[in-house]
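Enquirer: Please see the structure below; I have some questions.
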Amino acid sequence: MKITGTFLDEISIDIPHQNWGRAEWDADFSHMKSVGIDSVYLIRSGLHRFISYPSKVLIKEEGCYEPPVDLVQLFLELAEKHGMKFYFGLYDSGKYWANNQFQKEIDLNMKVIDEVWKKYGHFKSFKGWYLSQEISRRTGGIIDLYAKLGKHCKDISGNLPTFISPWIDGKKTVQSFSSTLTKEDAVTLKQHEEEWDEIFDGISKFVDAVAFQDGHVEFHELDGFFEINKRLARKYNMECWTNAETFDRDMPIKYLPIKFEKLRMKLEAARRAGFDKAITFEFSHFLSPQSAYLQAGHLFDRYKEYIKRL
Amino acid sequence: MKITGTFLDEISIDIPHQNWGRAEWDADFSHMKSVGIDSVYLIRSGLHRFISYPSKVLIKEEGCYEPPVDLVQLFLELAEKHGMKFYFGLYDSGKYWANNQFQKEIDLNMKVIDEVWKKYGHFKSFKGWYLSQEISRRTGGIIDLYAKLGKHCKDISGNLPTFISPWIDGKKTVQSFSSTLTKEDAVTLKQHEEEWDEIFDGISKFVDAVAFQDGHVEFHELDGFFEINKRLARKYNMECWTNAETFDRDMPIKYLPIKFEKLRMKLEAARRAGFDKAITFEFSHFLSPQSAYLQAGHLFDRYKEYIKRL
Amino acid sequence: MKITGTFLDEISIDIPHQNWGRAEWDADFSHMKSVGIDSVYLIRSGLHRFISYPSKVLIKEEGCYEPPVDLVQLFLELAEKHGMKFYFGLYDSGKYWANNQFQKEIDLNMKVIDEVWKKYGHFKSFKGWYLSQEISRRTGGIIDLYAKLGKHCKDISGNLPTFISPWIDGKKTVQSFSSTLTKEDAVTLKQHEEEWDEIFDGISKFVDAVAFQDGHVEFHELDGFFEINKRLARKYNMECWTNAETFDRDMPIKYLPIKFEKLRMKLEAARRAGFDKAITFEFSHFLSPQSAYLQAGHLFDRYKEYIKRL
């Protein structure tokens with residue numbers, strides 16, 4: 001199972017910044033291409049007050065900080081240069097939808113979508129949308145949010161594809177800032193299936209693909225959850241991707257590049273389940289030969305050996 | 001706003017050691033100079049039992065460990081070689097003044113000051129003193145401590161300058177060892193002004209400059225606190241510096257180099273406030289092209305681009 | 001005191017993986033040799049479901065994951081190539097002996113020992129055994145476990161040497177995943193001596209050496225504990241080694257390479273105590289010039305300067 005897409009972790013929640021400029025990003029897109037990655041997904045265009053492009057909407061309405069660089073423009077240009085697809089990740093307020101003000105989150109993002117499409121929609125590399133609100137369970141008004149935002153993305157852009165990347169509420173679901181690694185009350189296969197059946201039912205018209213994060217369950221639990229994810233996606237005619245996390249959730253330092261053995265196990269599980277595509281969170285910190293984490297360069301080498309044998 | 005001074009984080013509380021020898025320090029002083037840093041400030045000459053120079057006083061009275069290298073000598077020599085100013089940071093017992101034994105902390109440091117000036121006062125690069133006890137509020141006998149130690153430093157050394165580097169007791173004031181990032185009971189602007197008015201009133205004769213750490217409040221709160229700091233410093237005829245932290249307080253890994261955007265915002269706030277000078281904690285881990293954290297080298301590049309445009 | 005042996009931290013509990021292939025391991029064995037390390041100790045052959053060699057026993061009985069590489073074979077080959085000794089670390093279930101099912105832990109490892117000796121016993125570099133269950137106190141059936149497993153290792157292999165590496169239950173005994181650095185209820189010298197007298201009495205026929213980890217007590221407490229360790233080892237005719245930890249236990253990032261000054265203090269304490277040998281946990285992350293932690297390369301340089309002066 002080969003990884004063909006990666007998130008770009010700008011704006012980050014919990015991964016320290018590498019402070020790359022255009023030259024480093026340009027080189028990284030080359031590295032991605034060299035292992036078959038043809039798509040990049042902006043993880044979110046903004047979080048709280050930090051934003052990735054100079055959004056008049058967000059600076060005015062949310063007091064966001066004027067960014068020093070227009071990363072959306074940069075990534076679109078580099079995607080164009082390297083013949084890659086760019087997906088725009090929506091704004092995550094980090095507060096409205098987390099405090100049950102889903103309509104406020106929707107309203108803001110409606111304006112962001114309008115603004116962004118007007119500003120960047122002419123780029124040939126603008127190929128899709130990522131609905132950046134991350135969930136694992138049927139949470140508040142999330143179905144409505146995904147459906148409305150997905151619909152607006154598609155309506156405005158001539159039906160460009162949309163996707164989400166939820167997590168499975170497994171035993172490794174703990175805050176990145178917590179000093180624990182696991183929790184007691186993991187979701188069961190049955191609960192997972194019931195809730196996602198309902199969610200997919202509500203969003204499948206406006207969300208083309210679902211890429212579950214693969215890092216929150218034990219490795220031997222992957223097959224069980226992947227089978228459900230695949231079956232539900234087929235039922236609702238959605239694409240089923242895996243979001244193969246390339247960072248390690250089992251260590252006290254949160255987070256460094258994953259042990260290759262673990263990545264291989266997760267990709268193999270996705271292959272066995274017959275998933276349509278593998279993407280990763282994310283190449284530039286955890287799998288890139290120019291990452292500040294030198295373990296990533298070695299993971300890159302191990303991964304290259306692996307895909308050569310596929 | 002250009003950074004013209006940096007702390008040297010020896011002895012460190014919470015930043016892992018880089019294990020540099022003379023060659024690496026020499027190269028780092030060159031890197032500092034190349035971006036306009038002309039002053040280095042030893043963050044503290046000792047903490048608990050670890051000390052930066054073979055102090056007979058501290059080895060005898062506090063059971064401190066004999067150090068393998070005389071870092072004070074090394075830094076003074078390198079400062080001389082590179083035409084830079086060295087400020088000596090006092091000893092921090094980590095216990096006496098923290099347990100309300102301020103007089104004991106003062107007595108010890110009186111002897112340290114005597115010892116150090118006698119041992120190293122002849123260096124032309126010995127240009128000032130840093131009062132290393134860090135506070136954010138009007139704490140116990142701190143006014144008395146700053147005043148007495150500052151006075152003795154100045155008396156013995158022909159009035160060489162002294163400074164302190166407190167923090168603002170904002171919402172990001174949490175222990176570096178804690179897994180949390182924020183606290184609830186942040187100081188208000190009013191409390192901050194009242195307490196620092198009183199502190200400055202008690203110390204301004206013996207402390208020439210105050211360099212508040214800039215990392216404990218939200219970025220949009222900087223202007224409010226900076227305005228007070230500047231106004232109070234002017235009232236008491238002290239210099240007002242900013243201590244621009246070059247590490248990131250918002251991430252689970254405590255700490256890696258800061259996102260350039262954040263550093264820029266903090267320096268711009270200091271510029272708007274009309275501060276007299278910007279220093280940083282600290283160059284060698286977080287802003288140096290030879291830092292073990294490779295993100296620092298990229299931050300160095302971004303910073304160089306920034307100051308070129310000033 | 002020169003370090004002549006190192007653990008190989010595969011399978012790791014809490015140190016992120018470097019993702020090395022054969023070429024990197026080969027180079028690392030060369031680096032080890034260059035500073036006088038002639039022995040490598042596999043820290044454990046497996047933990048929970050992760051294993052270092054394709055063990056039919058562990059895959060069948062414990063549902064362990066088939067590893068992508070046979071690390072035991074790789075390390076034995078490289079040890080042979082570089083003229084080094086390899087010690088095999090037993091399997092640590094991470095659960096049976098931790099839940100007072102010592103017999104189950106013993107039974108499993110009896111089969112592992114049989115399997116491993118049959119599979120790899122012909123390697124000339126197979127020179128000993130490491131009993132991987134780590135303790136600090138007289139815990140449950142640990143004496144019985146060490147004695148029985150040590151005996152079986154020796155019986156099957158023509159009396160190859162065995163060793164253990166316990167920790168001292170000092171104030172720095174906290175979980176690597178915890179955000180604290182110290183605990184209140186440290187063991188006293190008297191308790192330590194009483195318990196280890198009893199343990200050594202029960203195991204000395206089957207365990208040739210004990211290598212206490214040196215990182216859990218304050219630096220000025222080392223002499224006291226080392227004197228006891230040495231005296232007890234002599235009493236029971238065991239070799240007394242120090243396991244000089246090359247990572248720093250005093251920092252929020254758990255763990256990065258130790259400050260050289262600390263390593264030197266610990267090695268000097270072992271020298272003063274007249275220990276028979278110094279080994280480390282571990283070279284490849286914390287002391288290697290090719291470590292992903294660049295601080296390790298500088299520690300390597302400082303360490304080389306140190307041993308040159310011995």
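Enquirer: Mind listing the label-point distances from A:HIS122 to the same position on all other copies, shortest first, one decimal in nm, points 7 Å along Cα→Cβ?
Expert: 7.2, 7.2
Enquirer: Right, next: By a straight-distance test (C-alpha under 15 Å), which aspartates and glutamates pair with B:LYS127 as possible cross-link partners, with residues fewer than eight away in the same chain excluded?
Expert: B:ASP38, B:GLU77, B:GLU80, B:ASP155, B:ASP208
Enquirer: Between the DSSP loop rule and a limit of at most 11 other Cβ atoms within 10 Å, which chymotrypsin sites (Phe, Trp or Tyr not before Pro) in the stretch B:162-217 are left?
Expert: When the chymotrypsin sites (Phe, Trp or Tyr not before Pro) of the stretch B:162-217 are filtered for loop state and at most 11 Cβ neighbours within 10 Å, nothing remains.
Enquirer: Looking at chain B, send over the antiparallel percent of its DSSP beta bridges, to the nearest 5.
Expert: 10
Enquirer: Can you figure out the FRET efficiency of B:LYS190 with A:GLU134, using R₀ = 45 Å and their beta-carbon distance, to the nearest 0.05?
Expert: On the way: r = 39 Å, r/R0 = 0.86.
Efficiency for this residue pair is about 0.70.
Enquirer: Using a 10 Å cut-off around each Cβ of peptide C:258-264, what is the average number of partner chain Cβ atoms that fall inside?
Expert: Across the residues of C:258-264, the mean count of other-chain Cβ atoms within 10 Å is 5.
Enquirer: Also: Counting each DSSP H run of 4 or more residues in chain B as -39500 (n - 2.57), what helix-only mean residue ellipticity at 222 nm follows after dividing by all residues, to the nearest 500 deg cm²/dmol? Could you put the intermediate results ahead of the total?
Expert: On the way: 10 runs with 127 residues, N = 310.
The helix contribution divided over chain B gives -13000 deg cm²/dmol.
Enquirer: Something else now. Per residue of A:122-129, how many C-beta atoms from partner chains lie within 10 Å of its own C-beta, taken as a mean?
Expert: Per residue, the average neighbour count from other chains is 0.
Enquirer: For the pairs A:LYS95/A:LYS262; A:LYS124/A:LYS205; C:LYS85/C:LYS154, flag any whose C-alpha to C-alpha distance is greater than 27 Å.
Expert: Exceeds cut-off: A:LYS95/A:LYS262.
Enquirer: Using a 7 Å offset from Cα along Cα-Cβ at A:ALA98, what residues in the stretch A:34-57 end up with backbone N under 20 Å from the label point?
Expert: In the stretch A:34-57, the label zone of A:ALA98 (backbone N under 20 Å from the point 7 Å along Cα→Cβ) covers A:43-53.
Enquirer: Here is a further query. Could you estimate the translational diffusion coefficient of the stretch A:1-157 from the Stokes-Einstein equation, with Rh from the Kirkwood formula over C-alpha pairs, at 25 °C and 0.890 mPa s, in whole µm²/s?
Expert: On the way: Rh = 16.0 Å.
The diffusion coefficient I find is 153 µm²/s.
Enquirer: Using only the alpha carbons, work out the radius of gyration and Dmax of the stretch A:163-262 in angstrom.
Expert: According to the Cα coordinates of the stretch A:163-262, Rg and Dmax are 14.1, 41 Å.
Enquirer: Charges at C-beta only: +1 for Lys and Arg, -1 for Asp and Glu. How large is the resulting dipole of the stretch B:3-308 about its Cα centre, in Debye rounded to 20?
Expert: Charge dipole, the stretch B:3-308, about its Cα centre: 500 debye, nearest 20.
Enquirer: Okay, next question. Quick one: go through the stretch C:180-208 and flag any residue whose amide nitrogen is under 20 Å from the point 7 Å out along the Cα-to-Cβ line of C:ASP223.
Expert: Answer for the stretch C:180-208: C:188-193.
Enquirer: Turning to a different aspect of this structure: Hey, in the GNM for chain C with a 10 angstrom Cα cutoff, which one of C:GLU61, C:GLU24, C:GLU221 fluctuates hardest?
Expert: Comparing C:GLU61, C:GLU24, C:GLU221 in the GNM, the peak value goes to C:GLU61.
Enquirer: Also: Which of C:ASP197, C:ASP185, C:ASP70 moves the most in a Gaussian network model of chain C with Cα springs under 10 Å?
Expert: C:ASP185
Enquirer: I've got another one for you. If we count other beta carbons within 10 Å of each Cβ, what is the order of C:HIS192, A:HIS48, fewest first?
Expert: Least crowded to most crowded, the residues run A:HIS48, C:HIS192.
Enquirer: Closest approach to the A-C rotation axis by any Cβ of A: residue and distance in angstrom?
Expert: With distances in whole Å, chain A gives A:SER179, 2.
Enquirer: About its Cα centre, how strong a charge dipole does the protein assembly as shown have in debye, to the nearest 20, once Lys and Arg get +1 and Asp and Glu get -1 at the Cβ? Kindly include the intermediate steps, with their values, before the conclusion.
Expert: Working: 129 positive and 138 negative charges, 313 e Å.
Dipole magnitude for the protein assembly as shown comes out near 1500 debye.
Enquirer: Tell me the distances, shortest first, between A:ASP38 and the same position across the other copies, using label points 7 Å along Cα→Cβ, in nm to one decimal.
Expert: Sorted ascending, the copy-to-copy spacings read 5.8, 5.8 nm.
Enquirer: For chain C, set up a GNM with springs between Cα atoms under 10 Å and report which of C:PHE75, C:PHE102, C:PHE226 has the largest fluctuation.
Expert: C:PHE102
Enquirer: What net charge is computed for the residues neighbouring A:ALA211, neighbours being all others with C-beta under 14 Å from the C-beta of A:ALA211, Lys and Arg scored +1, Asp and Glu -1? Walk me through the numbers on the way to the answer.
Expert: Numbers: positive: A:LYS230, A:LYS266, A:LYS277; negative: A:GLU134, A:ASP208, A:ASP214, A:GLU239, A:GLU245, A:ASP276, A:GLU282.
Local net charge: -4.
Enquirer: Take the Cα radius of gyration of the protein assembly as shown and divide it by 2.2 N^0.38 Å, with N its residue count; two decimals is plenty.
Expert: My calculation over the Cα atoms of the protein assembly as shown gives 0.99.
Enquirer: So for the stretch C:80-202, Kirkwood radius off the Cα pairs, Stokes-Einstein at 4 °C and 1.567 mPa s: how many µm² s⁻¹?
Expert: 81
Enquirer: Here's a follow-up. Mind checking B:13-24 for the average number of partner chain beta-carbons within 10 Å of each residue's beta-carbon?
Expert: That works out to 6 on average.
Enquirer: Follow-up question, since we're still on this one. Would you work out which of B:GLY121, B:GLY150, B:GLN73 lies farthest towards the positive end of the dipole of the stretch B:59-156, given +1 charges on the beta-carbon of Lys and Arg and -1 on that of Asp and Glu, about the Cα centre?
Expert: B:GLY150
Enquirer: Okay, next question. Nearest 5 is fine: what % of DSSP beta bridges in the protein assembly as shown come out antiparallel, could you say? Write out the running numbers ahead of the final one.
Expert: Values: 9 of 102 bridges.
Counting only bridges with both partners in the protein assembly as shown, antiparallel ones make up about 10 percent.
Enquirer: Taking a label point 7 Å from Cα toward Cβ, how far is A:LEU181 from its twins in the other copies, in nm, shortest first?
Expert: So the label point of A:LEU181 gives 2.3, 2.3 nm to the other copies.
Enquirer: Run the numbers on the stretch C:75-213 and let me know its relative contact order in percent, using alpha-carbon pairs under 8 Å that are six or more apart.
Expert: Result for the stretch C:75-213 is 25 percent.
Enquirer: Sticking with this one: When only DSSP loop residues count, what GluC sites (Glu not before Pro) in the stretch A:115-192 have their Cβ near at most 13 other Cβ atoms within 10 Å?
Expert: Passing sites in the stretch A:115-192 are A:GLU184.
Enquirer: Now for a different question. Taking the alpha-carbon set of chain B, what are its Rg and Dmax in Å?
Expert: For chain B, the Cα-based Rg and Dmax read 18.2, 52 Å.
Just so you know, all these numbers are worked out from the coordinates, no wet-lab data involved. For clarity, every value in this text was computed on a predicted model and none was experimentally measured. Reconstructed Cβ throughout: ideal geometry from the backbone, glycine too, with neighbour counts over all protein chains shown.
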